[in-house]
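**Student:** Here's a structure for you.
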């Protein structure tokens, strides 16, 4: 316990200081206006920072009117934040000074650490050792915080908006965060705070997400992410906050090339595709793939705080737009349902012209409908209970575009101005979102006046809470994230979402530890694997070992026919390749013959193998073949796999992944996610299998994998599933040699 | 034969008149400047049309200084093109006048035809009847031609560029073509000609593509397409011209919603997804999905006439950009290979700073590298034999952006101006493409001055033959189309691409016609189906019918065991559901028992069915199960399917489609296209199957389907494939009842 109370609260209160420092010491600010330290002070001044600023350097007298201190020690005031721009090798020493001065937060702007190789990694370790939990460090190799409410910005951010908003941004990279903010500002988005946290030696993505999920100034969290430093904690925090705030992640480095470029950049490994798929499924975080998609989706969440549903009413000024819109809508997973009869009737009155569609999507025929018509259209669709939101395309709100395309027949400037007000008025009256598509039709340097007008119209709508997008595709992609966020949070029962508490010291754990002690190989034999799985509640066909022909017959007789016989030898893992497996033995005689044949075959094909007899197990009845597996992701820990047996896993890759611990929702969804799911529900006269039982099995394996960190990988393949229950017929557990 | 020689040449010569008319009669031009006819004349005048213009209307004296003629008859001059804007119901009459005046080409601008319903469809039929091949009609419901070389434009196109280029555009919709052209112009693209052809009563997509493939002024064909009028001819022409010119198709209406919106728009059905997939595979046409992708891809083909390879050398002004670029590159199917040792060595000298990557992708650390460094980088990469093209991102060519992000440390205006010349000079020297990414970082109305500068820089590069894109994703998507177009045309042997000549009057055709005569059901029985397939060269297990138990035994004995027995009854198609199938009968006794049991089961379960005995066939040896099928697409005709048997076709949908006639290349590619392909190559110790034999089978089925148009659908399922050969074990042919 310290002055801040318990650890987590302390951490978040301290993090606040990065964004609202009352005083900043800029270490490395020099007399040269080109030094980053001085540029940082200049940026703070231009941005209007109201706190105290102290310049610190080993030489020089004054910069930008500020006295340059030789050391922190010389400064009498309290310092909230140290901003460090001196060369990498001096930073550990300056951090000691910071701690001595009781500074709790520091940003290390300087590059030249792990991103440069082994030497840099050594420097980072030194930093971490130096701070030893006594100070929170952002960076190194980062731009640090931007926070309009706290009056602070980044070195290159003098022109960033001073107006606070509800969107937060966290990004490893400084340059990209600069691009994201600059772009988003143009789309009417304002920030609560942003942090570029660089190499994340101390403060990482998990700290920041934890802080922002509780930050009352932040309604929407956006993130640019190359790799994670503390994947497991990041996942746990994100999942614990499922649905609390929209959490948009632009995850890069998911491809092979991207991942390798990424590791040479920030020194953090990019996660594998499977783990990230699981991450997004389980946390409800929203995956975006491009800067456009990040910006558009932020626009949607920003300008439509109440969200929207999936059912689109669509208005196009021309027929082709209805096709484009319908395609884009369906591709994004949204719908254009039929209007109510009442709406259709009213639209048929409003649009008496031939060839116009008064069904959804609506074609008004040309881009200059009179404002009265637009008002009636908007009102009629807003009143329709089948419609959640209205999307408009190719209605020319632009005076200049109208002149170009319609010449003397274009509406007057006054008419155009009045048209602009129509969607705003109707949206306020009906409280149903209206979305406008406003493309940049002509993009040449000589048509910049059109773009200027387009942006003015766009900014007008943004200011009134109407989102504007550049194209149908971009609009529907963003809107679909918005509507699915709303749906996802109500789709699942709370009980299903409950994260199971970890097991500890269970009977299974004791059996497993016993196995660890006895097992000499990194892969225990089938009998050992199945025994421990059985203790974890997984139904298995438990083999019994026999060391002679007569014992084999006795075991089989007791077990009941048909049985399976396999060779037991630590040297032979792929048993059937050595003639070491016999299936469907129906009686004593067949068991005896099989024993002789197996022994002969194995002795011939693997003369040096130590033979520990054979294993006998009951042959399971035919059923639907399933596969469950577990592996450890280097960044996230245990990750489970589910699929159908046979070629669908290996060749078609039809599998689903989830990170542990599995909730009931995870288990349900990972089963439903595979393409072969209809086979589980019963297909072509085959009975359905026991899906709740399979869910239980997955959850048991999850608990088992969590409790036993010595398991590196696991394959339970095949599992035979039946109308009632399921049984694991073969299983392999691979132990982590480092831990055993 | 007529004055123009044979039909096709005649057609293309006549089509030329749409784009280069020496005189135009505008039918419907009135004294009102709001009439479309008069607006069209105004647009032609503004655009600078140099031919003769004649206004025609039933009333009025003069418009825009032109005398209004009462009829075409009154005009003494020759008329090349009639542009018709009068109401729909009068158009047939005016076309008669056109024909009487020996006018060979007419555009019907007027809407109100099939897009409005049954009455409109009637009017269209009347038009077609009226012209009767004596005149070529574009439209109705269209904007018609735009051709800078011919001095003509569309009603809304007075501001379109007068400069001719090498890109052609065809589109059903007028409004979209207007958008496409306006947008593309801003990106430095110029057109040879464009045609909006509306409802395509006469001139359709097939006519236009045929014309443009031979048009010497057109190097690149671009197309916006909702549905096709003459899918088969369109496909044949496009395929015949495989690789001749880049042919970009923005195909919309591929989704369910889009397709229904489309059919209410132009009266043409949108093709199904499977047929269109086959279309793109077989013609080499390039599928694009958005206006951005169409524009970007046109930019790539337009500004890089020689094309490029897949191997990218990448330069980023900052580390994050290397990750983004690598992701986008891989996602688009391009590569960033390792540089040669020589290049890496040189880059290490050029970039001595720590933390910068001098491997591919290259990070130069910040967005303001000196021009000397950029020149050396470009030269070094241009000289690298592993690299086909160079892509640059986040190098700030912009003076204004530099000021914002780097303040007093930004390079001078003169330095920036010199930097612009560097890529141009290097590209000219090494003749290796350089591509620049220039995003609109700040998009607010208040930052329009940045956008203005960005467009000037972009237009500067466009003018020098350097393509510029808005983002990494958009650049790599477009470039990948470009490089794959080049690769595709050299990847396949000419012999494999040869389109087989259609069969006619073969022995199979006679056997099939005989079957048609005899068959009373729309699905002939298995024996009939297999006999005709056998005659087409498909190996089958041919069943023999037996009407008694003794006969069944005799047949089986003669055939050799094991055999399969099935009930033969016209009322029973799903035989196994009625207990009517017995597999793997090994001897006389089993055959006899099976006969009795089948008869008993069928009599019990289908007491009213007429039983025509049983069929006996040799049971095929186990092999890899394949499925081949055929269906008829309403727009394209016969389309073949290939897949693996079992659940992979029905549940996982792992199938490939091709339209007939199949080339060897088609057969090869459709087999390789399925995800399960590794199973055919031999997997996990299974021997590979006879792939050339399977290709032959597909080509035989193709020829069979082509020669026998009475076949509506066909399922050959399963086919068992072996190390050598394959055999069809079951087959169903469904006849088209309309044709039989």
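**Student:** Classify region B:542-618 from the C-alpha gyration tensor, please: rounded if a/c falls under 1.5, else prolate or oblate depending on whether a/b exceeds b/c.
**Tutor:** Numbers: a/c = 1.85, a/b = 1.76, b/c = 1.05.
Here region B:542-618 falls in the prolate category.
**Student:** Along Cα→Cβ at 7 Å, what distances in nm separate the residue B:600 label point from those on the other copies, shortest first?
**Tutor:** For residue B:600, the inter-copy label distances come out at 4.2 nm.
**Student:** Turning to a different aspect of this structure: Counting only C-alpha contacts under 8 Å and six or more residues apart, can you give the relative contact order of region B:542-618 as a whole percent?
**Tutor:** Contact order relative to length: 50 percent.
**Student:** Step by step: find N for region B:477-571, compute 2.2 N^0.38 Å, then divide the Cα radius of gyration by it. What's the final number? Intermediate results must be reported in sequence, preceding the final value.
**Tutor:** Details: Rg = 22.7 Å, N = 95, 2.2 N^0.38 = 12.4 Å.
Cα Rg divided by the expected 2.2 N^0.38 Å: 1.83.
**Student:** Kindly state, to the nearest 0.05, the FRET efficiency for residue B:379 paired with residue B:460, given R0 = 22 Å and r defined as their beta-carbon distance.
**Tutor:** 0.60
**Student:** Relative to the present Cα-Cα distance, how much length would full extension add between residue A:608 and residue A:495 at 0.36 nm per residue of separation?
**Tutor:** Using 0.36 nm per residue and subtracting the Cα-Cα distance, I get 35.1 nm.
**Student:** Next question. Report the calculated FRET efficiency for residue B:520 and residue B:73 (r = Cβ-Cβ distance, R0 = 60 Å), to the nearest 0.05.
**Tutor:** 0.45
**Student:** Tell me the distances, shortest first, between residue B:243 and the same position across the other copies, using label points 7 Å along Cα→Cβ, in nm to one decimal.
**Tutor:** Inter-copy label distances (nm, one decimal, shortest first): 5.7.
**Student:** Distances from residue A:514 to the same position in the other copies: list them in nm, one decimal, shortest first, using label points 7 Å from Cα along Cα→Cβ.
**Tutor:** Spelled out, the distances from residue A:514's label point are 7.7 nm.
**Student:** If you don't mind, another one. Multiply the residue gap between residue A:583 and residue A:118 by 0.36 nm, knock off their C-alpha separation, and tell me the result in nm, one decimal place. The partial results should precede the final answer.
**Tutor:** On the way: separation 465, 0.36 × 465 = 167.40 nm, distance 5.52 nm.
Going from the current span to full extension adds 161.9 nm.
**Student:** With Rg and the Kirkwood Rh both taken from Cα atoms, where does Rg over Rh land for region A:121-260?
**Tutor:** Result: Rg/Rh = 0.96.
**Student:** For region A:274-317, what log10 I(q)/I(0) values come out of the Debye formula at q = 0.17, 0.23, 0.26, 0.31 1/Å, with one point per alpha carbon and no solvent?
**Tutor:** -0.71, -0.99, -1.03, -1.03
**Student:** Considering region A:624-735, what Rg and Dmax in Å follow from its alpha-carbon atoms?
**Tutor:** 13.3, 44
**Student:** Starting from the Kirkwood Rh over alpha-carbon pairs, what translational D in µm² s⁻¹ does the protein assembly as shown have by Stokes-Einstein at 10 °C and 1.306 mPa s?
**Tutor:** 43 µm²/s
**Student:** Shifting gears a bit: Measure nothing fancy, just the Cα-based angle from helix A:273-283's long axis to the longest principal axis of chain A, in degrees from 0 to 90, nearest 10.
**Tutor:** Relative to chain A, helix A:273-283 is tipped by roughly 70 degrees.
**Student:** Now for a different question. Kindly put A:93, B:16, A:441 in sequence by how many other C-beta atoms sit within 10 Å of each C-beta, fewest to most.
**Tutor:** A:93, B:16, A:441
**Student:** Can you give the angle from 0 to 90° between the axis of helix A:664-673 and the longest principal axis of chain A, with both taken from C-alpha atoms, to the nearest 10?
**Tutor:** 90 degrees
**Student:** Can you tell me the Rg and the Dmax, both Å, for the Cα atoms in region A:306-491?
**Tutor:** 15.9, 53
**Student:** If you don't mind, there's one more thing I want to ask. What translational diffusion coefficient, in µm²/s and rounded to a whole number, does the Stokes-Einstein relation yield for region B:268-378 at 4 °C and a viscosity of 1.567 mPa s, taking the hydrodynamic radius as the Kirkwood radius over Cα pairs?
**Tutor:** 77 µm²/s
**Student:** In terms of the Cα gyration tensor, with a ≥ b ≥ c the square roots of its eigenvalues, is chain A rounded because a/c is under 1.5, prolate because a/b exceeds b/c, or oblate?
**Tutor:** Oblate, because a/c is 1.5 or more while a/b does not exceed b/c.
**Student:** Taking only C-alpha pairs under 8 Å that are 6+ residues apart, what is the relative contact order of chain A in percent? Mind dumping the intermediate values first?
**Tutor:** Details: 1474 pairs, mean separation 61.1, N = 740.
Answer for chain A is 8 percent.
**Student:** In Å, what Kirkwood hydrodynamic radius results for region B:135-199 from the alpha-carbon pair distances?
**Tutor:** Hydrodynamic radius (Kirkwood, Cα only) of region B:135-199 equals 11.6 Å.
**Student:** Hey, another quick one. What FRET efficiency, computed as 1/(1 + (r/R0)^6) with R0 = 22 Å and r the Cβ-Cβ distance, is obtained for residue B:713 and residue B:232, rounded to the nearest 0.05? List each step's numbers first, then the result.
**Tutor:** Working: r = 18 Å, r/R0 = 0.80.
Efficiency for this residue pair is about 0.80.
**Student:** May I ask for the angle, rounded to the nearest 10°, between helix B:588-605 and the longest principal axis of chain B, with both axes built from Cα atoms and the value confined to 0 to 90°?
**Tutor:** 70 degrees
**Student:** While we're looking at this one, here's another question. How big, on average over all directions, is the shadow cast by the Cα convex hull of region B:7-300, in nm²?
**Tutor:** Its average projected convex-hull area is 14.1 nm².
**Student:** Once every Cα of region A:105-179 carries one equal point scatterer and solvent is ignored, give the base-10 log of I(q)/I(0) from the Debye formula at q = 0.11, 0.13, 0.21, 0.27 Å⁻¹, two decimals.
**Tutor:** -0.34, -0.47, -0.98, -1.28
**Student:** Can you bin region B:636-689 into rounded, prolate or oblate? Criterion: square roots of the alpha carbon gyration tensor eigenvalues sorted a ≥ b ≥ c, rounded for a/c under 1.5, prolate for a/b above b/c, oblate for the rest.
**Tutor:** oblate
**Student:** Please report B:460, A:18, A:462 as a ranked list, fewest other C-beta atoms within 10 angstrom at the top and most at the bottom.
**Tutor:** So the residues, fewest neighbours to most, are B:460, A:462, A:18.
**Student:** So for region A:397-539, Kirkwood radius off the Cα pairs, Stokes-Einstein at 37 °C and 0.692 mPa s: how many µm² s⁻¹?
**Tutor:** In µm²/s, the coefficient is 153.
**Student:** Another question, then. Just want to confirm a number: the relative contact order over region A:76-158, from Cα pairs under 8 angstrom separated by 6+ residues, in percent.
**Tutor:** Normalised by residue count, the contact order of region A:76-158 is 29 percent.
**Student:** Just rank A:598, B:719, fewest to most, by other beta-carbon atoms within 10 angstrom.
**Tutor:** Fewest to most other Cβ atoms nearby, the residues stand as A:598, B:719.
Laboratory data are not the source of any read-out in this text; all were calculated from the coordinates shown. Being a predicted model, the structure only gives us computed values, none of them experimental. Here Cβ is always computed from backbone atoms with ideal geometry, including for glycine, and neighbour counts include all displayed protein chains.
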